[in-house]
Amino acid sequence: QSVLTQPPSASGTPGQRVTFSCSGSNSNIGNNYIYWYQQLPGTAPKLLIYKNNQRPSGVPGRFSGSKSGTSVSLAISGLQSEDEADYYCATWDDSLSGWVFGGGTKLTVL
Amino acid sequence: QVQLQESGPGLVKPSETLSLTCAVSGYSISSGYYWGWIRQPPGKGLEWIGSIHHSGNTYYTPSLKSRVTISVDTSKNQFSLKLSSVTAADTAFYYCARHGGMSVTFHFDYWGRGTLATVSS
């Protein structure tokens with residue numbers, strides 16, 4: 001079981017807005033930045049959001065992140081077929097002195 | 001452009017030691033950042049194994065700490081992972097990645113493509 005909790009699956013149709021949740025505790029999300037990674041099939045994870053809500057260069061503005069207390073969310077607006085992937089939240093855990101990942105949410109674009 | 005490339009045996013026997021190396025190009029490990037290993041069993045999620053700073057400072061995930069050693073070779077600009085007493089549960093894709101910058105708690109920004117290590121007799 002993962003320290004960070006994510007729903008295992010999500011779905012949407014092209015053009016829709018979908019959101020992914022990730023919950024943790026004060027020792028991880030509550031006290032550290034959250035990061036989101038996108039993993040397309042057969043590839044390495046790619047940084048999507050850093051420091052809660054910042055987008056690296058090259059990541060479309062359709063992707064956005066937010067944080068409230070010990071819960072965070074990732075939103076994708078204007079869903080596209082190429083967004084079909086696994087999405088992971090990750091952060092540092094002060095109690096474990098290490099990185100923790102959520103179990104991942106598999107996005108299906110219908 | 002920072003690039004990382006994992007290498008090592010694709011097949012390891014149970015009870016033996018898994019050894020992987022990550023070669024870094026486009027950035028000198030001695031210049032800073034943390035260098036980490038993350039694994040992913042086929043069809044499952046990501047698990048951080050541990051990280052090392054060029055100074056030699058290391059962090060390991062508690063569940064693997066007794067079996068893991070991560071080391072760095074600045075002369076070759078590479079870092080390595082050794083996981084001892086492996087079982088089938090250690091079969092996974094192993095990724096190396098850069099993270100940290102100013103803090104060990106900062107994000108993984110560059111990743112290798114990953115290498116599959118299978119534990120089987």
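The values are calculated or read from the model by the stated rules, or taken from the named source; none is laboratory data. Please read all numbers here as calculations on a predicted model, not as lab measurements. Neighbour counts run over all protein chains shown; Cβ positions are idealised from the backbone, glycine included. Each accessible area value is taken on the protein alone, full model and side chains, heavy atoms only, with ligands, DNA and RNA left out. Shrake-Rupley method; radii C 1.70, N 1.55, O 1.52, S 1.80 Å.
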Notebook entry, point to check: Roughly how much accessible area, to the nearest 100 Å², goes out of reach of solvent when A and B pair up, both sides summed, probe 1.4 Å?
Noted result: 1600
Notebook entry, point to check: Under a point spin-label approximation (7 Å from Cα along Cα-to-Cβ), what is the B:Ser31-B:Ser121 distance to one decimal in nm?
Noted result: 4.8
Item checked: Hull-based mean projected area of segment B:1-42, where the convex hull spans the alpha carbons, in square nanometres -> 4.2
Next item on the list: Compare the peptides B:1-12, A:18-29, B:78-89 by average per-residue count of other Cβ atoms within 10 angstrom and give them in order, highest first.
Entry: A:18-29, B:78-89, B:1-12
Checklist line | Cα coordinate range in the protein assembly as shown, projected on the principal axes (Å, largest first) | finding: 48, 39, 34
Notebook entry, point to check: What is the Cα radius of gyration of segment A:45-105 over 2.2 N^0.38 Å, N being its residue count?
Noted result: 1.19
Next item on the list: In whole angstrom, note down how far apart the Cα centers of segment A:26-83 and segment B:22-65 are.
Entry: 21
Next item on the list: Can you tell me how much longer the chain between B:Ser63 and B:Ala89 gets when fully stretched, taken as 0.36 nm per residue apart minus their C-alpha distance, in nm with one decimal?
Entry: 8.1 nm
Margin query: With every protein chain kept in place and ligands, DNA and RNA left out, what is the accessible area per residue of chain A? Probe 1.4 Å, answer in Å².
Written below: 45
Next item on the list: Under 14 Å from a label point 7 Å along Cα→Cβ of A:Gln80: give me every residue in segment A:1-36 with its amide N that close.
Entry: A:14-16
Item checked: Projected label distance in nm at A:Lys51 and A:Thr19, using a 7 Å step from Cα toward the beta-carbon -> 2.4
Item checked: R0 of 25 Å, Cβ-Cβ distance B:Thr74-B:Leu11: FRET efficiency to nearest 0.05 -> 0.25
Checklist line | Nearby lysines by direct alpha-carbon distance to B:Lys82 (threshold 18 angstrom, same-chain neighbours under 8 apart not counted) | finding: B:Lys13, B:Lys65
Next item on the list: Give me the percent of Cα-Cα pairs in chain A that sit more than 17 Å apart, rounded to a whole number.
Entry: 49
Margin query: Just to check, using Stokes-Einstein with a Kirkwood Rh over alpha carbon pairs, what's the diffusion coefficient of chain B at 10 °C and 1.306 mPa s in µm²/s?
Written below: 112
Next item on the list: Answer rounded, prolate or oblate for segment B:29-74, using the Cα gyration tensor with square roots of eigenvalues a ≥ b ≥ c: rounded when a/c is under 1.5, else prolate when a/b is larger than b/c, else oblate.
Entry: prolate
